[in-house]
Amino acid sequence: MTPPAAGPVLTSPAAPAGSGGFPRTGVRREASVPAEIRGAGRDDVALLVAGRREGELRPLRFPELAAVLRPGDALVVNNSATVPAALDAAGSDGRAWRLHISGRLPGDLWAVEPRVPAGPTSAAALDSEPGPRLDLPGGHRAHLLERAWDSRRLWIAKLSLPVGTVAGYLDRHGQPIRYSYVSRPWPIQAYQSVFSLCPGSAEMPSAARPFTTGAVTALVSSGIEVVPVTLHTGVSSLEAGEAPYPEWVEVSLGAADRINRVKAAGGRVVAVGTTVVRAIESAADRAGRLHPWRGWTDLVIGAARDVAVVDGLLTGWHEPESTHLGMLEAIGGAELVARSYRAAMDAGYLWHEFGDVHLILP
(Lines give C-alpha, C1' and ligand atoms only; values in the text may rest on other atoms or scores of the structure.)
Protein backbone atom coordinates (compact mmCIF):
# COMPACT_ATOMS: atom_id res chain seq x y z
CA MET A 1 0.00 0.00 0.00
CA THR A 2 1.18 3.52 -0.73
CA PRO A 3 1.04 5.61 2.47
CA PRO A 4 -1.39 8.55 2.47
CA ALA A 5 -0.25 11.62 0.56
CA ALA A 6 -0.09 15.09 2.05
CA GLY A 7 -3.36 16.95 2.07
CA PRO A 8 -5.42 19.59 3.84
CA VAL A 9 -5.96 19.85 7.56
CA LEU A 10 -7.96 16.85 8.77
CA THR A 11 -11.30 17.53 10.40
CA SER A 12 -12.04 14.21 12.08
CA PRO A 13 -14.71 14.79 14.74
CA ALA A 14 -13.64 15.15 18.32
CA ALA A 15 -13.58 12.03 20.45
CA PRO A 16 -14.25 11.77 24.17
CA ALA A 17 -11.23 12.50 26.32
CA GLY A 18 -9.14 9.65 27.67
CA SER A 19 -8.25 6.25 26.27
CA GLY A 20 -11.95 5.44 25.94
CA GLY A 21 -12.02 7.85 22.99
CA PHE A 22 -9.67 5.74 20.86
CA PRO A 23 -11.28 3.88 17.98
CA ARG A 24 -11.81 0.21 18.77
CA THR A 25 -13.15 -0.76 15.37
CA GLY A 26 -12.42 0.12 11.77
CA VAL A 27 -9.62 -0.73 9.42
CA ARG A 28 -6.13 -0.72 10.89
CA ARG A 29 -3.39 -1.29 8.34
CA GLU A 30 -0.31 -3.11 9.60
CA ALA A 31 3.07 -2.29 8.02
CA SER A 32 4.25 -5.74 7.00
CA VAL A 33 7.37 -4.67 5.08
CA PRO A 34 9.91 -1.84 5.48
CA ALA A 35 9.20 1.49 3.81
CA GLU A 36 12.15 1.13 1.44
CA ILE A 37 10.62 -2.08 0.09
CA ARG A 38 7.06 -0.83 -0.39
CA GLY A 39 8.08 2.71 -1.40
CA ALA A 40 10.98 4.88 -2.50
CA GLY A 41 13.08 4.83 0.68
CA ARG A 42 13.11 4.80 4.45
CA ASP A 43 11.68 8.30 4.56
CA ASP A 44 8.77 7.41 2.27
CA VAL A 45 6.24 7.35 5.10
CA ALA A 46 3.31 9.49 6.12
CA LEU A 47 3.68 12.07 8.89
CA LEU A 48 0.63 13.26 10.81
CA VAL A 49 1.38 16.50 12.69
CA ALA A 50 -0.87 17.25 15.66
CA GLY A 51 -0.61 20.77 17.12
CA ARG A 52 -1.82 21.06 20.68
CA ARG A 53 -2.21 24.85 20.66
CA GLU A 54 -4.21 25.06 17.44
CA GLY A 55 -5.79 21.63 17.78
CA GLU A 56 -5.29 20.92 14.09
CA LEU A 57 -4.09 17.78 12.36
CA ARG A 58 -1.86 18.14 9.29
CA PRO A 59 -1.12 15.14 7.04
CA LEU A 60 2.36 15.51 5.53
CA ARG A 61 5.21 13.30 4.32
CA PHE A 62 8.22 12.59 6.51
CA PRO A 63 10.67 14.65 4.35
CA GLU A 64 8.61 17.72 5.35
CA LEU A 65 9.63 17.33 9.00
CA ALA A 66 12.14 20.20 8.89
CA ALA A 67 9.39 22.56 7.71
CA VAL A 68 7.33 22.08 10.89
CA LEU A 69 10.26 22.47 13.27
CA ARG A 70 11.98 25.75 14.10
CA PRO A 71 15.60 26.83 14.29
CA GLY A 72 16.65 26.41 17.91
CA ASP A 73 14.53 23.30 18.45
CA ALA A 74 16.19 20.04 19.49
CA LEU A 75 15.39 16.54 18.27
CA VAL A 76 16.53 14.05 20.90
CA VAL A 77 17.21 10.59 19.46
CA ASN A 78 17.96 7.14 20.86
CA ASN A 79 21.34 5.79 19.72
CA SER A 80 20.71 2.26 20.99
CA ALA A 81 21.19 -0.40 18.30
CA THR A 82 18.98 -3.48 17.98
CA VAL A 83 20.42 -6.94 18.63
CA PRO A 84 19.06 -10.22 17.15
CA ALA A 85 17.34 -11.17 20.40
CA ALA A 86 15.07 -14.07 19.33
CA LEU A 87 16.37 -17.61 19.85
CA ASP A 88 14.95 -21.04 19.06
CA ALA A 89 14.73 -23.08 22.27
CA ALA A 90 13.46 -26.38 23.62
CA GLY A 91 12.07 -27.31 27.01
CA SER A 92 13.34 -30.25 29.03
CA ASP A 93 10.30 -32.19 27.74
CA GLY A 94 11.31 -31.49 24.13
CA ARG A 95 8.58 -28.90 23.56
CA ALA A 96 9.59 -26.14 21.13
CA TRP A 97 9.84 -22.56 22.37
CA ARG A 98 11.01 -19.20 21.06
CA LEU A 99 13.00 -17.22 23.64
CA HIS A 100 13.16 -13.42 23.41
CA ILE A 101 16.11 -11.96 25.33
CA SER A 102 14.65 -8.72 26.67
CA GLY A 103 17.67 -7.22 28.42
CA ARG A 104 20.45 -7.50 30.96
CA LEU A 105 19.70 -7.18 34.67
CA PRO A 106 22.04 -6.61 37.62
CA GLY A 107 23.92 -9.65 38.90
CA ASP A 108 24.56 -11.11 35.43
CA LEU A 109 20.88 -12.02 35.11
CA TRP A 110 18.60 -11.44 32.13
CA ALA A 111 14.95 -10.65 31.53
CA VAL A 112 13.55 -13.08 28.99
CA GLU A 113 10.20 -13.89 27.41
CA PRO A 114 9.49 -17.54 26.50
CA ARG A 115 7.02 -17.66 23.60
CA VAL A 116 5.23 -20.45 21.75
CA PRO A 117 6.26 -20.84 18.08
CA ALA A 118 3.37 -20.00 15.75
CA GLY A 119 4.46 -20.66 12.20
CA PRO A 120 7.40 -18.41 11.33
CA THR A 121 6.84 -16.13 14.35
CA SER A 122 5.60 -16.76 17.91
CA ALA A 123 2.76 -16.06 20.31
CA ALA A 124 2.73 -14.93 23.93
CA ALA A 125 2.67 -17.81 26.42
CA LEU A 126 0.65 -16.07 29.12
CA ASP A 127 0.83 -17.76 32.51
CA SER A 128 2.46 -20.78 30.88
CA GLU A 129 5.11 -22.70 32.80
CA PRO A 130 7.92 -23.59 30.40
CA GLY A 131 9.84 -25.44 33.10
CA PRO A 132 13.05 -24.48 34.88
CA ARG A 133 15.30 -24.84 31.84
CA LEU A 134 15.30 -24.07 28.14
CA ASP A 135 17.95 -25.55 25.86
CA LEU A 136 19.46 -23.03 23.45
CA PRO A 137 21.40 -23.42 20.18
CA GLY A 138 25.03 -24.48 20.54
CA GLY A 139 24.47 -26.61 23.64
CA HIS A 140 23.73 -23.69 25.99
CA ARG A 141 20.85 -23.15 28.39
CA ALA A 142 18.59 -20.54 29.95
CA HIS A 143 17.69 -21.29 33.57
CA LEU A 144 14.36 -19.64 34.44
CA LEU A 145 14.49 -18.48 38.07
CA GLU A 146 11.25 -16.60 38.73
CA ARG A 147 8.75 -14.33 37.04
CA ALA A 148 9.91 -10.76 36.62
CA TRP A 149 8.00 -7.76 38.01
CA ASP A 150 4.78 -9.77 38.50
CA SER A 151 4.59 -10.09 34.72
CA ARG A 152 2.57 -12.85 33.06
CA ARG A 153 5.19 -13.12 30.30
CA LEU A 154 8.63 -12.16 31.53
CA TRP A 155 11.07 -14.24 33.56
CA ILE A 156 14.37 -13.60 35.28
CA ALA A 157 16.92 -16.03 33.84
CA LYS A 158 20.53 -17.09 34.15
CA LEU A 159 22.13 -17.78 30.78
CA SER A 160 24.78 -20.51 30.71
CA LEU A 161 26.99 -18.76 28.20
CA PRO A 162 30.70 -17.99 28.51
CA VAL A 163 31.14 -14.69 30.36
CA GLY A 164 31.04 -11.64 28.13
CA THR A 165 29.87 -13.44 25.01
CA VAL A 166 26.11 -12.82 24.98
CA ALA A 167 26.32 -10.23 22.18
CA GLY A 168 28.50 -12.50 20.08
CA TYR A 169 26.26 -15.47 20.80
CA LEU A 170 23.17 -13.58 19.65
CA ASP A 171 24.99 -12.44 16.50
CA ARG A 172 25.68 -16.11 15.67
CA HIS A 173 22.41 -17.74 16.73
CA GLY A 174 19.77 -15.03 17.15
CA GLN A 175 17.23 -13.45 14.84
CA PRO A 176 15.49 -10.07 15.04
CA ILE A 177 12.31 -10.24 17.07
CA ARG A 178 9.41 -10.43 14.64
CA TYR A 179 5.66 -10.48 15.19
CA SER A 180 2.96 -11.99 13.01
CA TYR A 181 2.12 -8.80 11.10
CA VAL A 182 5.60 -8.78 9.50
CA SER A 183 5.28 -10.94 6.42
CA ARG A 184 8.82 -12.37 6.20
CA PRO A 185 12.18 -12.25 7.99
CA TRP A 186 14.33 -9.17 7.44
CA PRO A 187 18.04 -8.78 8.24
CA ILE A 188 19.07 -7.01 11.42
CA GLN A 189 20.00 -3.92 9.36
CA ALA A 190 16.29 -3.38 8.69
CA TYR A 191 15.85 -2.92 12.46
CA GLN A 192 18.49 -0.22 12.86
CA SER A 193 18.21 3.54 12.44
CA VAL A 194 20.77 6.00 11.19
CA PHE A 195 21.48 6.76 14.87
CA SER A 196 22.11 3.14 15.96
CA LEU A 197 25.55 3.06 17.58
CA CYS A 198 25.29 1.27 20.96
CA PRO A 199 24.05 -2.35 20.76
CA GLY A 200 21.60 -3.31 23.47
CA SER A 201 17.93 -3.05 22.39
CA ALA A 202 15.83 -6.19 22.09
CA GLU A 203 13.51 -4.34 19.72
CA MET A 204 14.11 -1.36 17.48
CA PRO A 205 13.58 2.17 18.83
CA SER A 206 11.49 2.55 15.70
CA ALA A 207 10.42 6.21 15.71
CA ALA A 208 13.82 7.15 14.25
CA ARG A 209 13.66 4.61 11.43
CA PRO A 210 12.54 7.07 8.70
CA PHE A 211 15.55 9.34 9.21
CA THR A 212 18.27 9.29 6.57
CA THR A 213 21.72 10.87 6.60
CA GLY A 214 20.40 13.49 4.19
CA ALA A 215 17.45 14.27 6.46
CA VAL A 216 19.73 14.74 9.46
CA THR A 217 22.03 17.02 7.45
CA ALA A 218 19.05 19.11 6.35
CA LEU A 219 17.77 19.43 9.90
CA VAL A 220 21.14 20.50 11.30
CA SER A 221 21.59 22.96 8.42
CA SER A 222 18.23 24.46 9.36
CA GLY A 223 19.45 25.18 12.89
CA ILE A 224 17.81 22.19 14.55
CA GLU A 225 19.94 20.33 17.10
CA VAL A 226 20.10 16.54 17.00
CA VAL A 227 21.04 15.19 20.43
CA PRO A 228 21.66 11.48 21.19
CA VAL A 229 20.80 9.67 24.42
CA THR A 230 20.68 5.93 25.13
CA LEU A 231 17.85 3.68 26.28
CA HIS A 232 18.14 -0.06 25.64
CA THR A 233 14.62 -1.24 24.95
CA GLY A 234 13.21 -4.53 26.14
CA VAL A 235 10.50 -6.54 24.42
CA SER A 236 7.55 -4.34 23.57
CA SER A 237 4.72 -6.88 23.40
CA LEU A 238 3.08 -5.61 26.59
CA GLU A 239 -0.32 -6.98 27.49
CA ALA A 240 -3.21 -4.59 28.16
CA GLY A 241 -2.68 -2.84 31.47
CA GLU A 242 0.90 -4.09 31.84
CA ALA A 243 3.22 -1.29 32.95
CA PRO A 244 6.60 -0.79 31.28
CA TYR A 245 9.40 -2.48 33.19
CA PRO A 246 12.89 -1.15 34.04
CA GLU A 247 15.26 -0.33 31.17
CA TRP A 248 18.85 0.89 31.02
CA VAL A 249 19.38 4.61 30.35
CA GLU A 250 22.41 6.80 29.80
CA VAL A 251 22.23 10.58 29.34
CA SER A 252 25.68 12.09 28.93
CA LEU A 253 26.88 15.41 30.33
CA GLY A 254 27.09 16.77 26.79
CA ALA A 255 23.53 15.74 25.95
CA ALA A 256 22.17 17.18 29.20
CA ASP A 257 23.97 20.50 28.62
CA ARG A 258 22.74 20.79 25.03
CA ILE A 259 19.13 20.11 25.96
CA ASN A 260 19.30 22.54 28.89
CA ARG A 261 20.64 25.25 26.56
CA VAL A 262 17.83 24.68 24.08
CA LYS A 263 15.24 24.99 26.84
CA ALA A 264 16.87 28.12 28.27
CA ALA A 265 16.86 29.77 24.82
CA GLY A 266 13.16 29.08 24.30
CA GLY A 267 13.56 26.19 21.87
CA ARG A 268 11.36 23.11 21.90
CA VAL A 269 12.63 19.69 22.91
CA VAL A 270 11.10 17.05 20.64
CA ALA A 271 11.70 13.43 21.63
CA VAL A 272 12.08 10.92 18.80
CA GLY A 273 10.25 7.98 20.33
CA THR A 274 8.68 7.12 23.65
CA THR A 275 12.02 5.58 24.69
CA VAL A 276 13.61 9.03 24.51
CA VAL A 277 10.84 10.55 26.63
CA ARG A 278 11.50 7.94 29.28
CA ALA A 279 15.26 8.47 29.10
CA ILE A 280 15.41 12.24 29.43
CA GLU A 281 12.55 12.55 31.92
CA SER A 282 14.41 10.02 34.09
CA ALA A 283 17.43 12.35 34.09
CA ALA A 284 15.44 15.50 34.92
CA ASP A 285 14.99 17.15 38.29
CA ARG A 286 11.71 18.63 39.51
CA ALA A 287 12.57 22.02 38.00
CA GLY A 288 12.89 20.46 34.54
CA ARG A 289 16.66 20.64 34.32
CA LEU A 290 18.58 17.69 32.93
CA HIS A 291 21.60 16.14 34.63
CA PRO A 292 24.00 13.46 33.38
CA TRP A 293 22.61 10.14 34.54
CA ARG A 294 22.98 6.43 33.92
CA GLY A 295 21.16 3.51 35.47
CA TRP A 296 17.90 1.57 35.46
CA THR A 297 14.71 3.56 35.10
CA ASP A 298 11.26 2.40 36.09
CA LEU A 299 9.67 5.76 35.27
CA VAL A 300 6.20 5.64 33.72
CA ILE A 301 4.89 8.86 32.17
CA GLY A 302 1.14 9.24 32.34
CA ALA A 303 -1.66 10.53 34.51
CA ALA A 304 0.41 10.19 37.70
CA ARG A 305 3.63 11.70 36.28
CA ASP A 306 3.69 14.53 33.75
CA VAL A 307 6.64 15.52 31.57
CA ALA A 308 9.09 18.14 32.84
CA VAL A 309 11.40 18.57 29.81
CA VAL A 310 9.78 17.18 26.66
CA ASP A 311 7.68 19.58 24.59
CA GLY A 312 6.90 17.38 21.60
CA LEU A 313 7.08 13.78 20.47
CA LEU A 314 7.68 12.00 17.18
CA THR A 315 6.41 8.43 17.47
CA GLY A 316 4.86 5.53 15.63
CA TRP A 317 1.30 4.30 15.99
CA HIS A 318 0.77 2.23 19.14
CA GLU A 319 -1.97 -0.16 20.15
CA PRO A 320 -4.92 1.78 21.65
CA GLU A 321 -4.68 -0.41 24.78
CA SER A 322 -0.95 0.24 25.22
CA THR A 323 0.35 2.02 28.30
CA HIS A 324 2.39 4.18 25.91
CA LEU A 325 -0.82 6.05 25.14
CA GLY A 326 -0.74 7.55 28.64
CA MET A 327 2.60 9.11 27.72
CA LEU A 328 1.18 10.57 24.50
CA GLU A 329 -1.74 12.04 26.43
CA ALA A 330 0.66 13.63 28.94
CA ILE A 331 2.37 15.44 26.04
CA GLY A 332 -0.48 16.17 23.64
CA GLY A 333 -3.62 15.94 25.74
CA ALA A 334 -6.15 13.12 25.62
CA GLU A 335 -8.55 14.82 23.19
CA LEU A 336 -5.89 15.65 20.57
CA VAL A 337 -4.32 12.20 20.74
CA ALA A 338 -7.72 10.53 20.40
CA ARG A 339 -8.52 12.61 17.31
CA SER A 340 -5.11 11.79 15.87
CA TYR A 341 -5.74 8.07 16.18
CA ARG A 342 -9.19 8.35 14.66
CA ALA A 343 -7.83 10.38 11.74
CA ALA A 344 -4.92 7.98 11.21
CA MET A 345 -7.26 5.01 11.03
CA ASP A 346 -9.65 6.84 8.71
CA ALA A 347 -6.75 7.77 6.39
CA GLY A 348 -5.19 4.29 6.37
CA TYR A 349 -1.90 5.14 8.07
CA LEU A 350 0.40 2.16 8.65
CA TRP A 351 1.14 0.87 12.15
CA HIS A 352 4.11 -0.63 14.00
CA GLU A 353 7.86 -0.45 13.48
CA PHE A 354 7.82 -0.28 9.67
CA GLY A 355 4.87 2.10 9.58
CA ASP A 356 4.02 5.78 9.48
CA VAL A 357 4.73 8.36 12.17
CA HIS A 358 2.92 10.88 14.36
CA LEU A 359 4.39 14.23 15.50
CA ILE A 360 2.82 15.93 18.51
CA LEU A 361 3.84 19.58 18.93
CA PRO A 362 2.88 22.09 21.63
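The values are calculated or read from the model by the stated rules, or taken from the named source; none is laboratory data. On a predicted model such as this, the values are computed, not experimentally measured, just so you know. FYI the Cβ positions are ideal-geometry reconstructions off the backbone, even for glycines, and counts take in every protein chain you see.
Here are the numbers for the structure shown:
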item	result
Residue list for segment 259-275, restricted to those being closer than 25 Å to VAL49 by Cα and basic (Lys, Arg)	LYS263, ARG268
Per-region count, segment 310-329, residues at pLDDT below 95, more than 13 Å from HIS358 (Cβ to Cβ) and among the hydrophobic types (A, V, I, L, M, F, W, C)	0
Close pairs from segment 251-262: first within 18 Å of ASP311 (Cβ to Cβ), partner among the basic types (Lys, Arg) and part of a strand (DSSP E or B), Cβ under 8 Å, at least 6 apart	VAL251/ARG294
Lone qualifier among ALA96, ALA86, ALA125 - being touching a residue at least 40 places away in the same chain (Cβ under 8 Å) and small (Gly, Ala, Ser)	ALA86
Test for VAL77: is it closer than 23 Å to TRP186 by Cβ, assigned to a loop (DSSP other than H, G, I, E, B), β-branched (Val, Ile, Thr) and within 21 Å of the chain's Cα centre (by Cα)	no
Filter result for PRO71 (in contact (Cβ under 8 Å) with a residue 60 or more places away in the chain and in a loop (DSSP other than H, G, I, E, B))	yes
Subset of segment 250-283 [touching a Phe, Trp or Tyr at 6+ places or on another chain (Cβ under 7 Å) and either buried (at least 24 other Cβ atoms within 10 Å of the Cβ) or of a type in the set (Val, Ile, Thr) (or both)]	VAL251, ALA283
Any hit, segment 239-250, residues being within 22 Å of GLY223 (Cα to Cα) and β-branched (Val, Ile, Thr)	no
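Residues checked against (1) polar (S, T, N, Q); (2) not in a helix (DSSP H, G or I):
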position: ASP135; (1), (2): no, yes
position: HIS143; (1), (2): no, yes
position: SER151; (1), (2): yes, yes
position: ARG178; (1), (2): no, yes
position: ARG184; (1), (2): no, yes
position: GLN189; (1), (2): yes, no
position: PHE195; (1), (2): no, yes
position: THR217; (1), (2): yes, no
position: SER236; (1), (2): yes, yes
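Residue-wise test of (1) under 15 Å from SER236 (Cα atoms); (2) surrounded by 22 or more Cβ atoms within 10 Å (Cβ to Cβ); (3) more than 22 Å from the chain's Cα centre (by Cα).
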{"position": "VAL83", "(1), (2), (3)": "yes, yes, no"}
{"position": "SER92", "(1), (2), (3)": "no, no, yes"}
{"position": "ARG95", "(1), (2), (3)": "no, no, yes"}
{"position": "HIS140", "(1), (2), (3)": "no, no, yes"}
{"position": "ALA157", "(1), (2), (3)": "no, yes, yes"}
{"position": "TYR169", "(1), (2), (3)": "no, no, yes"}
